[in-house]
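Participant: Would you mind keeping the following structure in view while I ask a few things?
The values are calculated or read from the model by the stated rules, or taken from the named source; none is laboratory data. Just so you know, these numbers come straight off a predicted model, no measurement behind them. Cβ placement follows ideal geometry from the backbone for every residue including glycine, while neighbour counts extend to all protein chains displayed. When the accessible area is computed, the model is the full protein with side chains, heavy atoms only, and any ligands, DNA or RNA have been set aside. Shrake-Rupley method; radii C 1.70, N 1.55, O 1.52, S 1.80 Å.
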Amino acid sequence: MSGIAGIVALDGAPVDAALLDRMAGFLASRGPDGTAARAMGPAGLGHALLRTGDVGGDVPQPLSVDGKTWIVADARIDGRAELVRALRAGGIEAAADAPAAELILHALRRWGDDAPAHLLGDFAFAAWDGERRRLLCARDLFGVKPFYYAAAGAAFVFSSSLDCVRLHPSVSGALDEGWIADFLLHGDSQSVEATVYAAIRHLPPGHLLVVEDGGMRIRRYASLPEDAEPLRLRGPAEYAEAFLDVLRQAVADRLPRDRAGILLSGGRDSTALAATWRDLVDRGVRGTELRGYTAYHARLMPDDEPVFASMAADALGIPLRLLAVDDHTAFGRWETPELYRPQPTSSPLLAIDADQLRQAAEHSRVLLTGQGADALLRETTSRLTRLALGGRPWTAAREAAEYARWHRRIPRPGVRTWLAARGGPRPRPIDPPGWIDPAFAARVGMADRLAAWSAPRPSAHPLRPEAHGLLSTNFWPILFPLWDPGVTGVLIEQRHPYLDLRLVRLALSIPPAQWYNDKGLLRIGMRGRLPAPVLARPKTPVVGDMLGVRAAEGGAGWLGGRTADARVAPWVDLSRVPRLAGGASDQPPRHLYEDIRPLALSLWLAHHHP
């Protein structure tokens, strides 16, 4: 895996080789296994290598197979055998164990600008065609890999690192007030393209960008399928086995050859991934050594994560390391370089994530997560009520009996969900915090922003509208770059098997049925592979308020003396921010997570704009 960067002189002048070298060197902390830069007339590409031990290996870049087109890529390519067959069908010889960047170059030769649509995996890349003087860039469908860019004067600048783009002297450091508005209202941007800097943009997921003839254009190359031919199998057991077959491919493609970690929560999602690893090892498909990592509260709040995580780890033969997080305080260590972030973050317990990543990085450079399972396996909980009241009571009775057979308990009818839906969409009541500066609110059109955010976004998918809608949101491409090693500063790459496009396509093609509820595919497929108590464990959100219990325990000094300062005055009236949240008002917080955002922004500005 890699950090990537580059410059294209839009006026055709020779690229600044010294600046290019500086950008590549800047990425060395993200890719410490070798940096390189190549200037090619009006374009230059830079690369910093992070070896993860993947199939195909990690090779130095920029890379070319013909001496004409050069690429820098932060990529992991899945479904290699199928890709190689398609390449060979077009007369291009390629090996399944070729480096990811080389496979992308072959795909570009085979399909040109349509190449990204033929690639599976997580990737961001830029390929310079020297003969045509043309740069082609692309980002994967879920936006796992970041790709930032700026059109700065006579230059196009890009990188997988936001701060690397800022190294170009023509890139302005002016802040984007729309981004700040989103941050103060929601805790993060609501746009997949915006960054905290007005001049720097983020390439949307599933899009490609072309720079040529002194200009730039962007277009979508792929999106989640909005239609699906129903998969017809004989029953839940066959659907579950079909799902597990593809899950095995997704996990195998994400496992390096030697070592990996997994965030093991004790729920069905991550433990099912661990059981899949066990299956792959037992079959001789992979020999990867796996270790689990679980964070938990030992005293501040009830937390049985270690019990279930240990139960699964013991059954699967996975060493498990626990991390008690009770002593992690709000905004703890935020002033230290290890918690530096290129953009403001509203996560006051960021040190927990950092410590868990460092714990895992002691063993390997790859970390599996269960992210995406909740969205992927989503089915409406009101199905039985809708069937019964929609004139299909016998279908409801039959599906309820099938659910009871496979899940060994009576299903929930979902009356409350149905009643809520009957009442129409119920967006969150929109009422901006009282500490928002009125002039700022007027400048950014805050009322319109809030109305647009609260508007329902239904999916028209014929089989799985709930899952399709959740998988299509901006949540993923905004979330995943926050975990990139170039942001966390920890040399470990997080991978998400449940968001494998092959698995997504399969799940979206399974016809709705009550047995599918409560993650029926995992419950049924993992029977006999995971301990029964783990499979029977209900979905358990964190019991208690992680921030609230710290505020209660620490009293008035729970923020360690930190307060928001005048740096946020263009956007926030500090006299109305509760004192308990780092402001000056004696009013109680409206919502603690919301009211600490001015403090979070202030602390970030203190580092970036002292």
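Participant: What shape does the stretch 209-288 take by its C-alpha gyration tensor, where a ≥ b ≥ c are the square roots of the eigenvalues and a/c under 1.5 counts as rounded, a/b above b/c as prolate, and the rest as oblate? Don't skip to the end; give the middle numbers.
Facilitator: Numbers: a/c = 2.72, a/b = 1.48, b/c = 1.84.
Since a/c reaches 1.5 but b/c is at least a/b, the shape of the stretch 209-288 is classed as oblate.
Participant: How would Arg201, Arg76 rank on accessible area, largest to smallest, probe 1.4 Å?
Facilitator: Working: Arg201 75, Arg76 10 Å².
Solvent-accessible surface, decreasing: Arg201, Arg76.
Participant: Using Cα-Cα distances under 8 Å and only pairs 6 or more residues apart, what relative contact order does the chain have, in percent? Display every interim value, and only then the final one.
Facilitator: Working: 1182 pairs, mean separation 87.0, N = 610.
Answer for the chain is 14 percent.
Participant: Next question. I want to check the label-to-label distance for Tyr593 and Asp374. Put each point 7 Å from Cα in the C-beta direction and report it in nm to one decimal.
Facilitator: Inter-label distance under the simple model: 0.9 nm.
Participant: Right, here's the next one. How many percent of Cα pairs in the stretch 88-210 exceed 21 Å?
Facilitator: Beyond 21 Å sits 47 percent of the P(r) for the stretch 88-210.
Participant: Enumerate the calculated ³J(HN,Hα) couplings along the stretch 326-334 in order (Karplus 6.51 cos²θ - 1.76 cosθ + 1.60, θ = phi - 60°), each rounded to whole Hz, writing x wherever the residue is Gly or Pro.
Facilitator: 4, 8, 7, 9, 4, 6, x, 6, 5
Participant: Assuming a viscosity of 1.306 mPa s and a temperature of 10 °C, what translational diffusion coefficient in µm² per second does Stokes-Einstein assign to the chain, Rh being the Kirkwood radius over Cα pairs?
Facilitator: The Stokes-Einstein estimate is 61 µm²/s.
Participant: Next question. Could you report the accessible area of Met216 in Å², rounded to 10, computed with a 1.4 Å probe on the protein chains as they sit in the structure?
Facilitator: 90
Participant: Using a 1.4 angstrom probe on the protein heavy atoms only, line up His591, His297 by accessible area, largest first.
Facilitator: His591, His297
Participant: Now, a different point. Report the GluC sites (Glu not before Pro) located in the stretch 280-351 that are in a DSSP loop and have at most 15 other Cβ atoms inside 10 Å of their Cβ, or state none.
Facilitator: On the way: sites: Glu289, Glu335, Glu338; in loops: Glu335.
In loop regions of the stretch 280-351 (DSSP not H, G, I, E or B), the sparsely surrounded GluC sites (Glu not before Pro) are Glu335.
Participant: Return the calculated 222 nm mean residue ellipticity for the chain, to the nearest 500 deg cm²/dmol, obtained by summing -39500 (n - 2.57) across DSSP H runs with n ≥ 4 and dividing by the residue count.
Facilitator: -10000 deg cm²/dmol, from helical runs alone.
Participant: Determine the dipole magnitude for the stretch 497-536: charges of +1 sit on the beta-carbon of Lys and Arg, -1 on that of Asp and Glu, nothing else is charged, the reference point is the Cα centre, and the result goes in debye to the nearest 20. Walk me through the numbers on the way to the answer.
Facilitator: Numbers: 6 positive and 2 negative charges, 20 e Å.
For the stretch 497-536, the charge dipole is close to 100 debye.
Participant: Once ligands and nucleic acids are excluded and a 1.4 Å probe is used, how much of Lys145 is accessible, expressed in Å² to the nearest 10?
Facilitator: Its heavy atoms expose roughly 10 Å² to the probe.
Participant: Still on this structure, I have one more. Hey, could you pull the Cα Rg and Dmax for the stretch 295-447, both in Å?
Facilitator: Cα-based Rg and Dmax for the stretch 295-447 come out at 23.2, 62 Å.
Participant: Please state the shape class of the stretch 1-76: rounded when a/c is under 1.5, otherwise prolate if a/b exceeds b/c and oblate if not, all from the C-alpha gyration tensor.
Facilitator: Note, shape of the stretch 1-76 comes out oblate.
Participant: If you don't mind, another one. Kindly state, to the nearest 0.05, the FRET efficiency for Ala13 paired with Thr563, given R0 = 41 Å and r defined as their beta-carbon distance.
Facilitator: Computed FRET efficiency for Ala13 and Thr563 comes out at 0.25.
Participant: Highest first, please rank the peptides 228-236, 1-9, 322-330 by the mean number of other Cβ atoms sitting within 10 Å of their residues. Mind dumping the intermediate values first?
Facilitator: Working: 228-236: 13.2, 1-9: 28.2, 322-330: 16.9.
Answer by packing, highest mean first, reads 1-9, 322-330, 228-236.
Participant: R0 = 51 Å: FRET efficiency of Arg85 with Ser29, Cβ-based, nearest 0.05? Could the numbers behind the result be given before it?
Facilitator: Numbers: r = 39 Å, r/R0 = 0.76.
Once rounded, the FRET efficiency stands at 0.85.
Participant: Still on this structure: Restricting to the chain, what percent of DSSP beta bridges are antiparallel, rounded to 5?
Facilitator: Values: 55 of 72 bridges.
Approximately 75 percent, going by the DSSP bridge assignments.
Participant: Please compute the volume of the convex hull spanned by the alpha-carbon atoms of the stretch 191-342 and report it per residue in Å³.
Facilitator: Per residue, the Cα convex hull of the stretch 191-342 comes to 241 Å³.
Participant: Follow-up question, since we're still on this one. Place a +1 charge on the Cβ of each Lys and Arg in the stretch 289-440 and a -1 charge on the Cβ of each Asp and Glu, then give the dipole magnitude about the Cα centre in debye, rounded to the nearest 20.
Facilitator: Roughly 1180 debye, rounded to the nearest 20.
Participant: Another one. Going toward the positive end of the dipole of the chain, with +1 on Lys and Arg Cβ and -1 on Asp and Glu Cβ, which of Ala95, Met311, Thr385 do you reach last?
Facilitator: So the residue furthest toward the plus end is Thr385.
Participant: Classify the stretch 272-349 as rounded, prolate or oblate, taking a ≥ b ≥ c as the square roots of the eigenvalues of its Cα gyration tensor: rounded when a/c is under 1.5, otherwise prolate if a/b is larger than b/c and oblate if not. Walk me through the numbers on the way to the answer.
Facilitator: Working: a/c = 3.51, a/b = 1.74, b/c = 2.01.
Since a/c reaches 1.5 but b/c is at least a/b, the shape of the stretch 272-349 is classed as oblate.
Participant: Of the options Phe158, Leu479, Ala513, report the single residue whose Cα projects farthest towards the positive end of the charge dipole of the chain (beta-carbon charges: Lys, Arg +1; Asp, Glu -1).
Facilitator: About the Cα centre, the residue reaching furthest to the positive side is Ala513.
Participant: Output ³J(HN,Hα) for the stretch 493-508: one whole-Hz value per residue in order, computed from phi by the Karplus curve 6.51 cos²θ - 1.76 cosθ + 1.60 with θ = phi - 60°, and x for Gly and Pro.
Facilitator: 9, 8, 10, 10, x, 5, 9, 5, 4, 5, 5, 4, 4, 5, 4, 6
Participant: Just to confirm my numbers, what's the Cα centroid distance between the stretch 244-292 and the stretch 546-577 in Å?
Facilitator: Here the two parts' Cα centres lie 42 Å apart.
Participant: Residues of the stretch 280-312 with amide nitrogen under 11 Å from the 7 Å Cα-to-Cβ point of Ile352?
Facilitator: 295-298, 300-301
Participant: Sticking with this one: Return, ordered by residue number, the residues of the stretch 196-212 whose backbone nitrogen is under 15 Å from a label point located 7 Å along Cα→Cβ of Ala174.
Facilitator: Answer for the stretch 196-212: 196-201.
Participant: Leaving ligands, DNA and RNA out of it, rank Asp545, Asp484, Asp114 by accessible area with a 1.4 Å probe, largest first.
Facilitator: Correct descending sequence by accessible area is Asp114, Asp545, Asp484.
Participant: Would you work out the relative contact order for the stretch 64-159, in percent, from Cα pairs under 8 angstrom that are 6 or more residues apart?
Facilitator: It comes to 29 percent, rounded to a whole number.
Participant: Further, regarding this structure: Just the accessible area per residue of the stretch 444-533, please: how many Å² with a 1.4 Å probe? Spell out each step's value before the answer.
Facilitator: Working: 3050 Å² over 90 residues.
Accessible surface, normalised per residue, equals 34 Å².
Participant: Assigning unit charges at the beta carbon (Lys, Arg +1; Asp, Glu -1) and nothing else, what dipole magnitude in debye, to the nearest 20, does the chain show about its Cα centre?
Facilitator: Working: 71 positive and 69 negative charges, 374 e Å.
Roughly 1800 debye for the chain.
Participant: Quick one: what are the phi-derived ³J(HN,Hα) couplings along the stretch 291-297, Karplus 6.51/-1.76/1.60 with θ = phi - 60°, whole Hz, x for glycine and proline?
Facilitator: 10, x, 9, 10, 9, 7, 9
Participant: To the nearest 10 Å², what's Glu226's accessible area with a 1.4 Å probe?
Facilitator: Looks like 130 Å² after rounding.
Participant: Which one of Ser575, Trp406, Trp334 has its Cα pushed farthest toward the positive end of the charge dipole of the chain, where Lys and Arg give +1 and Asp and Glu give -1 at the Cβ?
Facilitator: Trp406
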